[in-house]
1. For HIS536 and LYS611 in the same chain, what is the full-extension length gain: residue separation times 0.36 nm, less their Cα-Cα distance, in nm?
2. Which residues does the label zone of GLU210 cover in the range 531-569, counting backbone N under 13 Å from a point 7 Å along Cα→Cβ?
3. Starting from the residue with the highest accessible area, list LYS406, LYS279, LYS555 in decreasing order, probe 1.4 Å.
4. Order TYR313, TYR459 by their accessible area, 1.4 angstrom probe, all chains in place, largest first.
5. Rolling a 1.4 Å sphere over the protein heavy atoms, what is the accessible area per residue of the range 382-516, to the nearest Å²?
6. With a 1.4 Å probe and all protein chains kept in place, how much accessible area does LYS297 have, in Å² rounded to the nearest 10?
7. Nearest 500 deg cm²/dmol is fine: what mean residue ellipticity at 222 nm does the chain get from its DSSP H runs of n ≥ 4 alone, each adding -39,500 (n - 2.57), divided by its residue count?
8. Under 18 Å Cα-Cα from LYS18, which aspartates and glutamates qualify once same-chain neighbours fewer than 8 residues away are excluded?
Amino acid sequence: MNRQMLSPTLEHFLMPNKATLLFALKGIVAIGMALSIAMYLALDNPFWAAIPAVMLQARPHSGFVMEKALFLVASSLVGAVLAFLILDYFIHTPVLAIGLLTLIVAITSYFGVTVRHANFVFGLALIPITANMIVLFAISHIEMISSQTIFNIAFARVSEVMVGAGCAIFSSALLFPLRMKDILASHTKLLVTHLQTYLILSFDPEKNPEDKEQQLKILLGIIILINDDSSPSFYEHRSNMRRALYMINQSMQLIALTKSLNVISKQQKINPLLGQFKKVCLQQNLIAHHNGIQLIKLQLDHLEDLYLKNTLYNIFEIYENILLAELESQRWSSDASKYYAQRLKSHRDILFGFVSSFRVVVTYLMCVAIWVVNDGASSLLMMVILPILFSQMFVHAPNPSLIVIKLCKGALLSIPFALLIVLGSAASMTGYLEIFLLIFLPFLFIGLMAMTNPSITPYGLGFCFSMITLVQPSNHMKFAIDQSLVMGLSMALSMLITALFFQLIPKISPFILQKRIIHDIAEEIKKIGEYKRYSHEKFNKNIGEKLFFLSAYQKNTIKSNQLFKLGILELLAAYNLLNIEQELRLEKQSNIFNNIRDYTCQIFQLSIENKYSYRQQVIQELENILEKLSDESLGKMQAKNLVQYFKEI
C-alpha cells in the first residue's frame with residue numbers, strides 16, 4: 001500500500017509502527033488481566049479495575065506506572081476515609097454533605113492545577129472522585145444504606161483500584177518494558193547538545209539575539225522535561241536521577257554566567273575561543289570533548305581582563321562538570337554520591353490556582369445540580385466525576401476546551417460500538433469470559449492505538465474510557481441498553497459542560513502572569529544574604545520552574561518579550577548577588593550588600609510597573625553605592641555589568 005495515498009491518521013492505524021502496537025498490546029493485556037482477576041474475586045464493579053489500567057498506561061514507562069499506581073491507591077484510600085467521615089455526620093443532611101464534597105473538590109483542584117507533576121495531579125483528582133462515588137451513591141440509596149454497606153462499597157472501590165494498578169505495573173514492568181533510565185539518558189544527551197549550541201551563539205556577537213533567545217527557551221524546556229521525568233526515575237535508577245538533576249542545576253548556572261558575558265565590548269578577545277570551542281563541539285566522543293574543554297581553560301590564563309577571565313573560566317568549568325556527569329551516565333555508573341541536587345520547586349500562582357479551582361467547582365456544581373434534578377440516578381454518577389478529572393488534567397494545555405471536545409467526540413463514537421456490538425453480542429454469551437474479552441478487547445486495542453498519536457490522543461482516551469464505562473463488564477451484567485445510552489450521553493454532556501466553562505471562565509492574561517512571576521523572583525532574590533546557607537543551587541531550585549512558565553506565557557509582543565528578558569536578567573542578578581554577598585561578608589560589609597540587593601529588587605519591581613524615570617534614579621543610587629567598593633573587587637565588576645544591563649532595558 002502506498003503511504004502517500006493515505007492520510008496521516010489512516011496511516012497510523014493501517015500501517016502502525018512497532019511502538020504503537022506494543023503500547024496497545026500492553027494496554028489490553030493489563031485491561032484483560034484486571035477484568036479477569038476482578039471477576040474472579042467477585043468484586044462489585046470490575047470495570048473500575050479496567051479504567052486505572054488504561055489511565056496508568058498513558059505513559060507506559062515502568063517508573064511512571066509505578067509512581068502513578070502508588071498515587072492512585074493512596075488517593076483512593078484518602079477519598080474513602082473522607083467519604084466515611086462525611087457520611088458518619090451528614091448522611092441525613094445531603095446539602096451539607098454535597099457542600100463538604102465541593103470543599104474537597106476546591107482544595108484538591110487548587111493544589112492540582114498549581115503543580116506540574118502529572119502523577120501528583122492525577123492522584124489529587126482521585127481523592128474527590130472516590131469521595132463523590134461513595135457519598136453520592138449512599139445519598140441516592142439512603143433507605144438501604146448502613147455502616148456495613150458503606151464499608152463494603154469503599155472496600156470494593158479500593159480493591160478494584162488496587163487490582164487495576166497491580167495489573168498495569170505487571171504489564172509495564174514485564175511485558176516489553178520501557179525504562180526511565182533510557183528516557184533520562186536521551187534527555188541529558190539532548191541537554192548537552194543544546195548547551196553547545198547556546199554557548200556558540202552566546203560567544204558570537206554577530207548572531208541574531210532572537211536566535212539566542214529561542215535557544216534559551218529550548219534549554220528551559222529540556223530542563224523542565226528532565227525535572228518532571230526525574231520523579232518517576234526514583235523507582236528505577238536513582239543514580240541517573242541524581243546526575244540528571246545535577247546537570248539541570250549546573251545548566252541554570254551556565255545560563256546565568258553566559259548572560260553575564262558582555263560580548264559586545266569583549267568580542268575581539270572571545271573570537272579565537274569561539275573557533276576552538278566550535279572544533280571541540282564537533283568531537284562525538286565525550287572524552288575527547290572533555291579534553292578539548294580542558295585545553296581551552298588553560299588558554300584563559302593569557303587574558304588580561306580579570307572579570308572576563310573569571311567568567312569564561314567558570315563557564316567552561318561548569319560545562320566540564322556537565323560533560324563528566326553525562327559521561328558517567330552513559331557508562332551506567334551506579335556511584336552518584338558526589339552529585340547532589342534537588343528537583344525544582346513547583347511554581348504556584350495563587351491567582352491562577354484560585355481561578356482554575358473556581359472553574360472546576362462551578363462545573364462540578366452544574367453537573368451535581370443535573371444529578372439532583374434527576375433524583376440521583378446511578379446512570380448519571382459518571383457525569384458528576386468526569387469534570388473533576390478532566391478540568392485538572394488539561395488546565396495547562398494551550399487550548400483545553402478543544403481537547404475536552406475531542407474527548408467528547410471519542411466518547412460519542414464509542415456508544416454505537418458499545419451498545420450494538422459488544423453488549424449485543426455479550427448478552428448471548430453470558431458466562432463465557434474468554435469469548436467476551438475476544439469481542440471487547442479489540443475495540444480497546446484500536447482506542448489505545450489512537451492514544452499514541454498526539455493529534456488524536458484525546459479521541460482515543462475518550463473512546464476507551466467511555467467504552468469501558470458503558471459496557472461495565474462484571475459477573476452480573478444487566479445488558480440494559482437504555483440505561484447505558486443515558487450514561488453515555490450524560491458523560492458526553494458533562495464533557496461539553498467542562499469545555500463550555502473553559503470558555504466562559506478563561507485563563508488569566510499571560511501578561512499578568514508574567515508580571516507576577518517577575519515579582520515572585522524578585523522576592524526570592526530578597527532572601528539572598530538573609531540566610532547563610534542560601535546558595536546558587538537553592539536559588540535555581542526555587543526559580544527554575546518560574547522561568548519555564550515565564551517562557552511558556554510569552555507571546556509575540558514587545559512587552560511580553562521584555563518581561564522574559566527581565567526574568568533572565570533576574571537569574572543573572574541573583575548569580576552576581578550571591579558572589580557579591582560572599583565577598584562582602586568576608587570583608588564584613590554586609591550593610592553595603594543589603595543596599596545593593598534591595599536596590600536591585602526595587603529596579604525589577606519598577607520595571608514591571610513601568611516607572612522608568614524613578615527607576616533611573618534608583619540605578620544611579622546603586623552606582624553610587626558600588627563606588628564605595630574596591631576597584632579590584634570582582635563583585636564590583638559583576639555588579640557594574642549588571643547595572644549596564646539595567647540601563648539597556
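The values are calculated or read from the model by the stated rules, or taken from the named source; none is laboratory data. Computed from a predicted structure; not experimentally measured. Here Cβ is always computed from backbone atoms with ideal geometry, including for glycine, and neighbour counts include all displayed protein chains. What goes into the accessible areas is simple: the full protein's heavy atoms, side chains included, and nothing from ligands, DNA or RNA. Shrake-Rupley method; radii C 1.70, N 1.55, O 1.52, S 1.80 Å.
1. Details: separation 75, 0.36 × 75 = 27.00 nm, distance 2.98 nm.
Between HIS536 and LYS611, full extension yields an extra 24.0 nm.
2. Hits in the range 531-569 for GLU210 at 13 Å: 556-558, 561.
3. Output order, biggest surface exposure first: LYS279, LYS555, LYS406.
4. On the way: TYR313 100, TYR459 75 Å².
Heavy-atom accessible area, descending, gives TYR313, TYR459.
5. On the way: 5510 Å² over 135 residues.
The answer is 41 Å² per residue.
6. It works out to around 30 Å².
7. Values: 25 runs with 492 residues, N = 649.
When only DSSP H runs of four or more count, the value is -26000 deg cm²/dmol.
8. ASP182
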